[in-house]
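Okay, structure first, notes after.
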Amino acid sequence: MTALTRLRLTDFRSHAALDLKLDTRPVCLYGPNGAGKTNILEAISQLGPGRGLRAAALPDMTRHNAPNGWTISATLDNEQKLGVGLEPTQTGHKRTIRLDSAPATVTDLAELIRIVWLTPDMDSVFRGGASDRRRFFDRQVMAHIPSHGSAANRYEKAMRERNALLERGRVDPAWADAIEGRMAEAGALIAANRARVLTLLQAAVDARPEGHFPKGDLALTGPAEQAATEGAGMMDIADLIAEDLAKGRYRDQAAGRTLSGPHRTDLTVIHRPTGAPAGQASTGQQKALLIGLILASARALCEDGEGPSPLILLDEAAAHLDRDRRAALFDELLSIGGQAWLTGTEDYLFEPFGDRAQKVEISP
Ligand SMILES: Nc1ncnc2c1ncn2[C@@H]1O[C@H](COP(=O)(O)OP(=O)(O)O)[C@@H](O)[C@H]1O
Ligand SMILES: [Mg+2]
(Lines give C-alpha, C1' and ligand atoms only; values in the text may rest on other atoms or scores of the structure.)
(Ligands and ions follow the chains in the order given, each with its own letter.)
Protein backbone atom coordinates (compact mmCIF):
# COMPACT_ATOMS: atom_id res chain seq x y z
CA MET A 1 0.00 0.00 0.00
CA THR A 2 1.25 3.42 -0.92
CA ALA A 3 -0.07 6.38 0.99
CA LEU A 4 0.84 10.02 1.50
CA THR A 5 1.60 10.80 5.13
CA ARG A 6 2.39 14.43 4.51
CA LEU A 7 1.50 16.89 1.77
CA ARG A 8 2.87 20.40 1.58
CA LEU A 9 1.88 22.97 -1.02
CA THR A 10 3.47 26.36 -1.59
CA ASP A 11 1.83 28.95 -3.81
CA PHE A 12 -0.16 26.25 -5.58
CA ARG A 13 -3.47 27.78 -6.81
CA SER A 14 -5.34 29.12 -3.76
CA HIS A 15 -2.89 27.59 -1.26
CA ALA A 16 -0.09 29.93 -0.15
CA ALA A 17 1.20 27.39 2.38
CA LEU A 18 -0.66 24.19 3.20
CA ASP A 19 0.76 21.42 5.35
CA LEU A 20 -1.29 18.25 5.90
CA LYS A 21 0.03 15.56 8.25
CA LEU A 22 -1.74 12.30 7.60
CA ASP A 23 -1.81 8.60 8.23
CA THR A 24 -2.45 5.89 5.65
CA ARG A 25 -6.27 5.86 5.99
CA PRO A 26 -8.48 7.46 3.30
CA VAL A 27 -8.46 11.26 3.46
CA CYS A 28 -11.79 13.11 3.42
CA LEU A 29 -11.38 16.80 2.61
CA TYR A 30 -14.40 18.88 3.54
CA GLY A 31 -15.12 22.58 3.39
CA PRO A 32 -17.28 25.09 1.52
CA ASN A 33 -17.21 25.61 -2.25
CA GLY A 34 -14.09 27.47 -3.26
CA ALA A 35 -12.13 26.35 -0.18
CA GLY A 36 -9.45 24.76 -2.37
CA LYS A 37 -10.30 21.04 -2.09
CA THR A 38 -10.10 20.26 -5.79
CA ASN A 39 -6.88 22.27 -5.91
CA ILE A 40 -5.38 19.79 -3.43
CA LEU A 41 -6.38 16.81 -5.59
CA GLU A 42 -4.97 18.61 -8.63
CA ALA A 43 -1.69 19.10 -6.74
CA ILE A 44 -1.48 15.36 -5.98
CA SER A 45 -2.18 14.58 -9.64
CA GLN A 46 0.97 16.56 -10.56
CA LEU A 47 3.04 13.79 -8.96
CA GLY A 48 2.08 11.50 -11.85
CA PRO A 49 2.77 11.62 -15.59
CA GLY A 50 0.72 13.87 -17.85
CA ARG A 51 -0.92 17.21 -17.22
CA GLY A 52 -2.94 16.28 -14.18
CA LEU A 53 -6.53 16.48 -13.12
CA ARG A 54 -7.46 19.78 -14.76
CA ALA A 55 -5.09 19.37 -17.75
CA ALA A 56 -3.91 22.89 -16.90
CA ALA A 57 -0.74 24.57 -18.12
CA LEU A 58 1.98 24.60 -15.42
CA PRO A 59 2.08 28.41 -14.93
CA ASP A 60 -1.71 28.57 -14.45
CA MET A 61 -1.30 26.64 -11.22
CA THR A 62 0.89 29.35 -9.67
CA ARG A 63 -0.99 31.26 -6.99
CA HIS A 64 -2.05 34.66 -8.35
CA ASN A 65 0.70 37.23 -7.74
CA ALA A 66 3.12 34.69 -6.26
CA PRO A 67 6.59 35.56 -7.57
CA ASN A 68 8.34 32.18 -7.51
CA GLY A 69 6.23 29.45 -9.07
CA TRP A 70 4.83 26.63 -6.95
CA THR A 71 6.01 23.53 -5.11
CA ILE A 72 4.38 20.31 -3.99
CA SER A 73 6.18 18.02 -1.54
CA ALA A 74 4.81 14.69 -0.48
CA THR A 75 6.08 12.11 1.98
CA LEU A 76 5.17 8.48 1.40
CA ASP A 77 4.42 6.07 4.21
CA ASN A 78 7.86 4.49 3.60
CA GLU A 79 9.42 7.94 4.36
CA GLN A 80 10.46 8.66 0.76
CA LYS A 81 10.01 12.29 -0.22
CA LEU A 82 8.75 13.36 -3.62
CA GLY A 83 8.68 16.91 -4.86
CA VAL A 84 7.55 18.64 -8.01
CA GLY A 85 7.56 22.31 -8.71
CA LEU A 86 7.59 25.08 -11.22
CA GLU A 87 10.49 27.52 -11.16
CA PRO A 88 10.63 30.73 -13.12
CA THR A 89 13.70 31.05 -15.37
CA GLN A 90 15.01 33.98 -17.42
CA THR A 91 13.21 32.74 -20.52
CA GLY A 92 10.06 31.30 -18.97
CA HIS A 93 9.78 28.50 -16.45
CA LYS A 94 10.90 24.95 -15.82
CA ARG A 95 9.40 21.98 -14.06
CA THR A 96 11.53 20.47 -11.32
CA ILE A 97 11.21 16.95 -9.95
CA ARG A 98 12.97 15.71 -6.84
CA LEU A 99 13.19 12.40 -5.08
CA ASP A 100 14.65 12.48 -1.56
CA SER A 101 16.11 15.92 -2.43
CA ALA A 102 17.99 14.71 -5.53
CA PRO A 103 16.92 15.64 -9.08
CA ALA A 104 14.67 12.98 -10.55
CA THR A 105 12.43 12.24 -13.54
CA VAL A 106 8.74 11.58 -14.06
CA THR A 107 9.67 7.93 -14.58
CA ASP A 108 11.37 7.79 -11.17
CA LEU A 109 8.21 9.10 -9.51
CA ALA A 110 6.03 6.71 -11.53
CA GLU A 111 7.81 3.77 -9.89
CA LEU A 112 6.76 5.03 -6.47
CA ILE A 113 3.34 6.46 -6.97
CA ARG A 114 0.39 5.81 -9.29
CA ILE A 115 -2.77 7.86 -9.39
CA VAL A 116 -6.32 7.55 -10.74
CA TRP A 117 -9.02 10.17 -10.44
CA LEU A 118 -12.66 10.92 -11.01
CA THR A 119 -14.00 14.47 -11.23
CA PRO A 120 -17.43 15.94 -11.97
CA ASP A 121 -16.06 17.04 -15.38
CA MET A 122 -15.95 13.38 -16.37
CA ASP A 123 -19.69 12.84 -15.76
CA SER A 124 -20.50 13.46 -19.43
CA VAL A 125 -17.83 11.13 -20.79
CA PHE A 126 -20.28 8.54 -22.16
CA ARG A 127 -22.50 11.14 -23.82
CA GLY A 128 -19.68 13.30 -25.14
CA GLY A 129 -17.47 12.92 -28.16
CA ALA A 130 -14.99 10.15 -28.91
CA SER A 131 -12.09 12.40 -27.98
CA ASP A 132 -13.32 12.77 -24.37
CA ARG A 133 -13.65 9.00 -24.00
CA ARG A 134 -10.28 8.42 -25.62
CA ARG A 135 -8.67 10.90 -23.22
CA PHE A 136 -10.42 9.25 -20.28
CA PHE A 137 -9.19 5.82 -21.34
CA ASP A 138 -5.66 7.01 -22.16
CA ARG A 139 -5.45 8.39 -18.62
CA GLN A 140 -6.12 4.91 -17.26
CA VAL A 141 -3.49 3.56 -19.66
CA MET A 142 -0.98 6.14 -18.45
CA ALA A 143 -1.55 5.12 -14.84
CA HIS A 144 -0.47 1.59 -15.81
CA ILE A 145 2.15 2.50 -18.41
CA PRO A 146 3.72 5.91 -17.69
CA SER A 147 5.54 5.96 -21.07
CA HIS A 148 2.17 5.93 -22.89
CA GLY A 149 2.15 9.72 -22.84
CA SER A 150 5.48 10.02 -24.63
CA ALA A 151 4.37 7.56 -27.34
CA ALA A 152 1.28 9.73 -27.81
CA ASN A 153 3.45 12.86 -28.07
CA ARG A 154 5.69 11.25 -30.71
CA TYR A 155 2.62 10.20 -32.67
CA GLU A 156 1.03 13.66 -32.51
CA LYS A 157 4.26 15.34 -33.57
CA ALA A 158 4.65 13.09 -36.62
CA MET A 159 0.96 13.60 -37.48
CA ARG A 160 1.38 17.39 -37.44
CA GLU A 161 4.31 16.99 -39.86
CA ARG A 162 2.20 14.78 -42.12
CA ASN A 163 -0.70 17.24 -42.11
CA ALA A 164 1.69 20.08 -42.97
CA LEU A 165 3.25 18.02 -45.77
CA LEU A 166 -0.14 17.18 -47.28
CA GLU A 167 -1.24 20.77 -47.03
CA ARG A 168 1.74 21.90 -49.09
CA GLY A 169 0.30 20.18 -52.15
CA ARG A 170 2.65 18.04 -54.23
CA VAL A 171 3.64 15.25 -51.88
CA ASP A 172 7.03 13.53 -52.09
CA PRO A 173 6.06 9.86 -51.51
CA ALA A 174 9.38 8.97 -49.85
CA TRP A 175 9.00 11.83 -47.42
CA ALA A 176 5.41 10.86 -46.66
CA ASP A 177 6.48 7.22 -46.16
CA ALA A 178 9.09 8.30 -43.62
CA ILE A 179 6.68 10.42 -41.60
CA GLU A 180 3.96 7.79 -41.73
CA GLY A 181 6.54 5.22 -40.61
CA ARG A 182 7.13 7.25 -37.46
CA MET A 183 3.38 7.59 -36.88
CA ALA A 184 3.01 3.85 -37.36
CA GLU A 185 5.80 2.98 -34.92
CA ALA A 186 4.41 5.23 -32.17
CA GLY A 187 0.84 4.29 -33.08
CA ALA A 188 1.56 0.56 -32.72
CA LEU A 189 2.90 1.19 -29.24
CA ILE A 190 -0.18 3.26 -28.37
CA ALA A 191 -2.51 0.54 -29.65
CA ALA A 192 -0.64 -2.24 -27.85
CA ASN A 193 -0.66 -0.27 -24.57
CA ARG A 194 -4.37 0.38 -24.90
CA ALA A 195 -5.19 -3.22 -25.73
CA ARG A 196 -3.21 -4.45 -22.74
CA VAL A 197 -4.88 -2.06 -20.31
CA LEU A 198 -8.32 -2.77 -21.77
CA THR A 199 -7.83 -6.44 -20.94
CA LEU A 200 -6.65 -5.64 -17.40
CA LEU A 201 -9.49 -3.21 -16.86
CA GLN A 202 -12.17 -5.57 -18.14
CA ALA A 203 -10.83 -8.35 -15.92
CA ALA A 204 -10.94 -5.98 -12.93
CA VAL A 205 -14.51 -4.93 -13.81
CA ASP A 206 -15.55 -8.59 -13.96
CA ALA A 207 -13.86 -9.34 -10.62
CA ARG A 208 -15.54 -6.44 -8.77
CA PRO A 209 -18.29 -7.23 -6.32
CA GLU A 210 -21.82 -7.02 -7.73
CA GLY A 211 -23.92 -4.31 -6.18
CA HIS A 212 -24.29 -0.57 -6.25
CA PHE A 213 -21.90 0.28 -9.07
CA PRO A 214 -22.90 -1.53 -12.25
CA LYS A 215 -20.45 -3.20 -14.56
CA GLY A 216 -19.66 -2.25 -18.13
CA ASP A 217 -18.38 -4.12 -21.16
CA LEU A 218 -15.52 -2.26 -22.77
CA ALA A 219 -14.20 -2.27 -26.31
CA LEU A 220 -11.93 -0.13 -28.47
CA THR A 221 -13.01 0.70 -32.00
CA GLY A 222 -9.67 1.21 -33.76
CA PRO A 223 -8.38 -1.46 -36.19
CA ALA A 224 -4.89 -1.21 -34.66
CA GLU A 225 -6.26 -1.80 -31.14
CA GLN A 226 -8.38 -4.67 -32.43
CA ALA A 227 -5.33 -6.26 -34.06
CA ALA A 228 -3.40 -5.80 -30.80
CA THR A 229 -6.25 -7.37 -28.81
CA GLU A 230 -6.13 -10.38 -31.15
CA GLY A 231 -2.44 -10.79 -30.39
CA ALA A 232 -0.84 -9.20 -33.48
CA GLY A 233 2.85 -8.29 -33.08
CA MET A 234 4.14 -4.72 -33.07
CA MET A 235 5.51 -4.91 -36.63
CA ASP A 236 2.18 -6.11 -37.99
CA ILE A 237 0.25 -3.41 -36.14
CA ALA A 238 2.67 -0.78 -37.42
CA ASP A 239 2.27 -2.10 -41.00
CA LEU A 240 -1.50 -1.92 -40.65
CA ILE A 241 -1.37 1.72 -39.53
CA ALA A 242 1.17 2.67 -42.22
CA GLU A 243 -0.90 1.05 -44.98
CA ASP A 244 -4.06 2.88 -43.89
CA LEU A 245 -2.20 6.18 -43.82
CA ALA A 246 -0.63 5.66 -47.26
CA LYS A 247 -4.02 4.73 -48.72
CA GLY A 248 -5.63 7.79 -47.13
CA ARG A 249 -3.27 10.47 -48.43
CA TYR A 250 -5.62 12.01 -51.02
CA ARG A 251 -8.60 11.75 -48.69
CA ASP A 252 -6.64 13.41 -45.87
CA GLN A 253 -5.29 16.08 -48.20
CA ALA A 254 -8.87 16.99 -49.13
CA ALA A 255 -10.01 16.89 -45.50
CA GLY A 256 -7.04 18.91 -44.24
CA ARG A 257 -6.39 16.39 -41.46
CA THR A 258 -5.60 12.75 -40.81
CA LEU A 259 -8.76 10.65 -40.75
CA SER A 260 -7.35 7.24 -39.83
CA GLY A 261 -5.10 6.06 -37.01
CA PRO A 262 -5.16 5.51 -33.26
CA HIS A 263 -5.97 9.20 -32.65
CA ARG A 264 -9.48 8.37 -33.92
CA THR A 265 -10.13 5.40 -31.64
CA ASP A 266 -13.22 5.43 -29.45
CA LEU A 267 -13.93 3.52 -26.27
CA THR A 268 -17.35 1.89 -26.33
CA VAL A 269 -18.98 0.98 -23.06
CA ILE A 270 -22.10 -1.14 -22.67
CA HIS A 271 -24.07 -0.78 -19.43
CA ARG A 272 -24.21 -4.48 -18.59
CA PRO A 273 -27.45 -4.54 -16.54
CA THR A 274 -29.45 -3.14 -19.48
CA GLY A 275 -27.25 -4.17 -22.41
CA ALA A 276 -27.56 -0.64 -23.81
CA PRO A 277 -24.72 1.75 -24.73
CA ALA A 278 -23.66 3.69 -21.63
CA GLY A 279 -24.52 7.00 -23.33
CA GLN A 280 -28.19 5.97 -23.32
CA ALA A 281 -28.29 5.15 -19.62
CA SER A 282 -29.78 7.62 -17.14
CA THR A 283 -27.51 10.28 -15.67
CA GLY A 284 -27.43 8.43 -12.35
CA GLN A 285 -26.67 5.11 -14.04
CA GLN A 286 -23.83 6.72 -15.99
CA LYS A 287 -22.34 8.18 -12.82
CA ALA A 288 -22.54 4.82 -11.03
CA LEU A 289 -21.00 3.06 -14.03
CA LEU A 290 -18.16 5.58 -14.09
CA ILE A 291 -17.47 5.13 -10.38
CA GLY A 292 -17.41 1.36 -11.00
CA LEU A 293 -14.90 1.84 -13.82
CA ILE A 294 -12.57 3.96 -11.70
CA LEU A 295 -12.78 1.46 -8.86
CA ALA A 296 -11.91 -1.27 -11.37
CA SER A 297 -9.01 0.81 -12.67
CA ALA A 298 -7.70 1.22 -9.12
CA ARG A 299 -8.16 -2.48 -8.44
CA ALA A 300 -6.27 -3.38 -11.64
CA LEU A 301 -3.36 -1.21 -10.46
CA CYS A 302 -3.36 -2.93 -7.08
CA GLU A 303 -3.27 -6.33 -8.67
CA ASP A 304 -0.98 -6.01 -11.69
CA GLY A 305 2.07 -6.68 -9.53
CA GLU A 306 4.02 -4.05 -11.48
CA GLY A 307 4.05 -1.12 -9.12
CA PRO A 308 2.64 0.57 -6.05
CA SER A 309 -1.05 0.62 -5.22
CA PRO A 310 -2.69 3.79 -6.55
CA LEU A 311 -3.89 6.93 -4.85
CA ILE A 312 -7.58 7.19 -5.75
CA LEU A 313 -8.76 10.80 -6.07
CA LEU A 314 -12.55 11.17 -6.02
CA ASP A 315 -13.70 14.76 -6.38
CA GLU A 316 -17.28 15.37 -5.20
CA ALA A 317 -18.18 11.72 -5.76
CA ALA A 318 -19.96 11.24 -2.42
CA ALA A 319 -22.41 14.15 -2.63
CA HIS A 320 -24.62 12.64 -5.33
CA LEU A 321 -24.94 9.21 -3.78
CA ASP A 322 -27.60 8.14 -1.32
CA ARG A 323 -26.40 6.87 2.05
CA ASP A 324 -26.38 3.19 1.08
CA ARG A 325 -24.35 3.80 -2.03
CA ARG A 326 -21.97 6.06 -0.16
CA ALA A 327 -21.41 3.33 2.40
CA ALA A 328 -20.88 0.82 -0.43
CA LEU A 329 -18.36 3.13 -2.09
CA PHE A 330 -16.42 3.56 1.15
CA ASP A 331 -16.44 -0.19 1.84
CA GLU A 332 -15.10 -0.89 -1.63
CA LEU A 333 -12.42 1.80 -1.33
CA LEU A 334 -11.26 0.26 1.93
CA SER A 335 -11.13 -3.18 0.32
CA ILE A 336 -9.08 -2.00 -2.66
CA GLY A 337 -6.14 -0.95 -0.55
CA GLY A 338 -4.92 2.24 -2.28
CA GLN A 339 -5.20 5.45 -0.26
CA ALA A 340 -8.39 7.24 -1.31
CA TRP A 341 -8.77 11.04 -1.28
CA LEU A 342 -12.36 12.29 -1.29
CA THR A 343 -13.85 15.77 -1.26
CA GLY A 344 -17.23 17.07 -0.16
CA THR A 345 -18.78 20.22 1.18
CA GLU A 346 -19.98 18.67 4.46
CA ASP A 347 -18.27 16.25 6.83
CA TYR A 348 -21.48 14.25 7.45
CA LEU A 349 -21.06 12.83 3.91
CA PHE A 350 -18.13 10.79 5.20
CA GLU A 351 -19.82 9.57 8.34
CA PRO A 352 -20.22 5.95 7.07
CA PHE A 353 -16.40 5.66 7.17
CA GLY A 354 -16.50 6.08 10.96
CA ASP A 355 -12.91 6.08 12.17
CA ARG A 356 -11.73 4.08 9.18
CA ALA A 357 -10.92 7.41 7.45
CA GLN A 358 -9.42 10.75 8.48
CA LYS A 359 -11.38 13.95 8.01
CA VAL A 360 -9.56 17.16 7.22
CA GLU A 361 -11.31 20.51 7.18
CA ILE A 362 -10.19 22.86 4.41
CA SER A 363 -10.99 26.52 5.04
CA PRO A 364 -11.00 29.15 2.32
N1 LIG B 1 -3.81 30.26 -9.73
C2 LIG B 1 -4.63 30.55 -8.72
N3 LIG B 1 -4.26 31.42 -7.74
C4 LIG B 1 -5.07 31.70 -6.70
N5 LIG B 1 -6.29 31.17 -6.55
C6 LIG B 1 -6.71 30.30 -7.48
C7 LIG B 1 -5.92 29.95 -8.60
N8 LIG B 1 -6.61 29.06 -9.35
C9 LIG B 1 -7.78 28.88 -8.72
N10 LIG B 1 -7.85 29.63 -7.59
C11 LIG B 1 -8.96 29.74 -6.64
O12 LIG B 1 -9.22 28.47 -6.09
C13 LIG B 1 -10.60 28.45 -5.70
C14 LIG B 1 -11.24 27.17 -6.15
O15 LIG B 1 -10.62 26.12 -5.52
P16 LIG B 1 -11.21 24.68 -5.63
O17 LIG B 1 -10.13 23.77 -5.18
O18 LIG B 1 -11.77 24.44 -6.99
O19 LIG B 1 -12.38 24.76 -4.57
P20 LIG B 1 -13.29 23.60 -3.98
O21 LIG B 1 -12.97 23.52 -2.53
O22 LIG B 1 -14.69 24.05 -4.22
O23 LIG B 1 -12.95 22.34 -4.71
C24 LIG B 1 -11.28 29.61 -6.35
O25 LIG B 1 -11.59 30.56 -5.37
C26 LIG B 1 -10.25 30.12 -7.33
O27 LIG B 1 -10.33 31.50 -7.48
MG1 LIG C 1 -14.10 21.28 -6.01
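The values are calculated or read from the model by the stated rules, or taken from the named source; none is laboratory data. These numbers come from a predicted model, not from an experiment. Note that each Cβ is placed from the backbone with ideal geometry, even for glycine, and that neighbours are counted across all protein chains shown. Quick note on the areas: whole protein, heavy atoms, side chains included, nothing else; ligands and nucleic acids left out. Shrake-Rupley method; radii C 1.70, N 1.55, O 1.52, S 1.80 Å.
Against the longest alpha carbon principal axis of the chain, how many degrees, from 0 to 90 and to the nearest 10, is the axis of helix 173-207 turned? Roughly 40 degrees between the two axes. Close amide H contacts of A340 (hydrogens built in the peptide plane, cut-off under 5 Å, sequence separation of 5 or more or a different chain): V27, I312. Pairs of Cα atoms nearer than 8 Å and 6+ residues apart set the relative contact order; for segment 128-282 it is 30 percent. Give me the lysines in straight-line cross-link reach of K157: C-alpha distance below 28 Å, same-chain residues under 8 apart excluded. Partners within reach: K94, K247. Using DSSP loop states and a limit of at most 16 other Cβ atoms within 10 Å to flag GluC sites (Glu not before Pro), what is the longest stretch of the chain containing no flagged site? Longest stretch, sites excluded: 112-209. In whole Å, how far is the Cα centre of segment 22-96 from that of segment 246-285? After rounding, the separation between the Cα centres reads 33 Å.
Summarising the strand pairing of the chain, around 70 percent of its internal DSSP beta bridges are antiparallel.
Each Lys or Arg adds one and each Asp or Glu subtracts one; over the other residues with Cβ under 14 Å from the Cβ of N78, this totals -3. Per residue, the solvent-accessible area of segment 128-282 (1.4 Å probe, heavy atoms of protein chains only, all protein chains present) comes to 48 Å². Restricting segment 137-195 to trypsin sites (Lys or Arg not before Pro) that sit in a DSSP loop and have at most 15 other Cβ atoms within 10 Å of their own Cβ leaves R168, R170. Residue-wise HN-Hα couplings along segment 267-282, as the Karplus relation 6.51 cos²θ - 1.76 cosθ + 1.60 with θ = phi - 60° gives them from phi, are 9, 9, 10, 9, 6, 4, x, 10, x, 9, x, 4, x, 8, 6, 5 Hz; Gly and Pro carry x. A Gaussian network model of the chain, with springs between Cα atoms under 10 Å, assigns the largest mean-square fluctuation among R54, R257, R114 to R257.
Net charge in the neighbourhood of D206 (other residues with Cβ under 14 Å of its Cβ; Lys, Arg +1, Asp, Glu -1) is +1. A straight Cα-to-Cα reach below 20 Å connects K81 with the aspartates and glutamates D11, D19, D23, E42, D100, D108, E111, residues fewer than 8 places away in its own chain not being considered.
Neighbours of D121, meaning other residues whose beta-carbon lies under 14 angstrom from its beta-carbon, give a summed charge of +2 when Lys and Arg score +1 and Asp and Glu score -1. Residues whose amide H falls under 5 Å from that of W117, counting only those 5 or more places apart or on a different chain, are L313, with hydrogens built in the peptide plane. Could you tell me the relative contact order of the chain? Use alpha-carbon pairs under 8 Å, at least six residues apart, and round to a whole percent. Computed over the chain, the figure is 25 percent.
A cut-off of 5 Å between modelled amide H atoms, ignoring neighbours fewer than 5 places along the same chain, links T62 with R13.
Along segment 123-137 the Karplus relation, 6.51 cos²θ - 1.76 cosθ + 1.60 evaluated at θ = phi - 60°, assigns HN-Hα couplings of 4, 8, 4, 7, 8, x, x, 4, 5, 5, 5, 4, 4, 4, 5 Hz to successive residues, with x for each Gly and Pro. Couplings for segment 156-169, taken from phi via the Karplus curve 6.51 cos²θ - 1.76 cosθ + 1.60 with θ = phi - 60°, read 4, 5, 5, 5, 4, 5, 5, 4, 5, 4, 5, 5, 5, x Hz in order; Gly and Pro are left as x. Structural descriptor for segment 308-364: relative contact order 45 percent, calculated from alpha carbon pairs under 8 angstrom and at least 6 residues apart. Excluding same-chain neighbours fewer than eight residues apart, the lysines reachable from K215 by a Cα-Cα span under 25 Å are K287.
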